[in-house]
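The structure under discussion appears below in the form of structure tokens.
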Amino acid sequence: MSSLEERNEVGLPAAAAPGSSAAGLGVGASGPGMEPPVGGSGLQPGQEEPVLRREVPGQDADPEVHPKKRVRLQEGEAGKLEERLYSVLCCTVCLDLPKASVYQCTNGHLMCAGCFIHLLADARLKEEQATCPNCRCEISKSLCCRNLAVEKAVSELPCECGFCLKQFPRSVLERHQKEECQDRVTQCKYKRIGCPWQGPFHELTVHEAECSHPTKTGNELMGILDEMDQSHRKEMQLYNGIFSLLCFEKIGFTEVQFRPYRTDDFITRLYYETPRFTVLNQTWVLKARVNDSERNPNLSCKRTLSFQLILKSKVNSALECSYLLLKGPYDDVRINPVIYHYVFSNDANETDYMPLPIIDSVECNKLLAAKNINLRLFIFQIQK
Ligand SMILES: [Zn+2]
Ligand SMILES: [Zn+2]
Ligand SMILES: [Zn+2]
Ligand SMILES: [Zn+2]
């Protein structure tokens, strides 16, 4: 029994070390996705976990057991139902209560959406089959399913306000943090005329009474407003840029699908390439690479993609183009539009690698986890 208990307790650190008890148990099991022998109890995988946690409180002294989890389990023994449920419903990788979707492996181990996507993305980078860190069974988007019961149960559990650290049911927490918490971060009402102050709500009244911004002279305020206008102007430039491109005579767009490949290097690297496609009567290819081909992108938390547009056809004269990549109809990618510009010729048929303006690393992992990356490419030909 204690072996099962142990295995359920193991978080990512132990599972990541080959030959650790977690990995060992997976190998010793009678097949992928099978439970290790547990004294012939014949229990269904996953079913007995909560019971075991209550029955065998910290019996095994495995040093690899995650310390954070261990503490929680012991508190849970003496604590309230909510506290015991916490250790049952938490993500088996990050040991936090999932905030959004919850996925489970075929043996029922729970993973929050972030960890699940991260595991799939890491496996893609290392060219391995992704496995459950708990039982080593294969995981993928098609093999794992959501667990709605857990998602709903979690939303009923009390949660700590990030500002005042008091406990609230998750269903009211959002309103509390937005509107009611005395410690929530607020901004001075004179922010519009440049006051940078921000602080807890209960200090707001005092600050606003003392704030120097309303007493500034018109001239001083003009300077501040000019600065603030700068950032708005940049945003407007982008949109105006897109609108003026839309007036061009020659506009082409197409759905592009980046597919994963490996380099021939000794340590192979993941890169992406689209099949050849035609836009504006020319043949093109797009390539993309992860973390600018850093040696071991799976070792860093930061994930970026950069891409390159290559003209494959021969041209009679230089082809001056603006181009941009946006979310297409087949993938839900969050991208901040950026317009790039390049003059293509037979000698200079490849753009530099430009950052694919994905909003953050989490979004980038989502793309890596999804195998193919579907986007929409626009090319605007500039005619003199
Ligand atoms: Zn997690
Ligand atoms: Zn599992
Ligand atoms: Zn609060
Ligand atoms: Zn102020």
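Ranked from the most accessible area to the least, with a 1.4 Å probe and all protein chains present, what is the order of THR351, THR215?
The most accessible residue leads, giving THR215, THR351.
Can you give me the solvent accessible area of MET354 with a 1.4 Å probe, rounded to the nearest 10 Å²?
For MET354, the solvent-accessible surface is approximately 60 Å².
What percent of all Cα-Cα pairs in region 165-259 falls in each 10 Å bin, counting up from 0?
In whole percents, the pair-distance histogram is 12, 23, 20, 19, 18, 7, 0.
Where the convex hull is taken over the Cα atoms of region 188-310, what is its projected area averaged over directions, in nm²?
On the way: hull surface 56.0 nm².
Averaged projected hull area, Cα only: 14.0 nm².
Pop out the ³J(HN,Hα) list for region 303-316 in order, Karplus 6.51 cos²θ - 1.76 cosθ + 1.60 with θ = phi - 60°, rounded to Hz; leave Gly and Pro as x.
Karplus values, whole Hz, x for Gly and Pro: 10, 9, 10, 10, 9, 9, 9, 10, 8, 9, 7, 8, 10, 6.
Please give every one of the lysines within straight-line cross-link reach of LYS80, meaning a C-alpha to C-alpha distance under 17 Å, and leave out same-chain neighbours fewer than 8 residues apart.
LYS69, LYS166
Treating the Cα atoms of region 309-369 as identical point scatterers in vacuum, please give the log10 of the normalised Debye intensity I(q)/I(0) at q = 0.13, 0.22, 0.28 Å⁻¹, two decimals.
-0.46, -0.90, -1.15
Order the following by accessible area, largest value first: TYR86, TYR239, TYR340. Probe radius 1.4 Å; ligands, DNA and RNA are ignored.
Correct descending sequence by accessible area is TYR239, TYR86, TYR340.
Name the residues whose placed amide hydrogens come within less than 5 Å of the amide hydrogen of GLU273, ignoring near sequence neighbours (fewer than 5 apart) on the same chain.
Sorted by chain and number, the residues that satisfy this are ARG259, TYR261, ALA288.
How much solvent-accessible surface does ARG124 expose, in Å² to the nearest 10, with a 1.4 Å probe and all protein chains in place?
Roughly 60 Å² of ARG124 is accessible to a 1.4 Å probe.
The values are calculated or read from the model by the stated rules, or taken from the named source; none is laboratory data. Values in this document were obtained by computation on a predicted structure and should not be read as measured data. Surface areas here come from the heavy atoms of the whole protein model, side chains and all, with no ligands, DNA or RNA. Shrake-Rupley method; radii C 1.70, N 1.55, O 1.52, S 1.80 Å.
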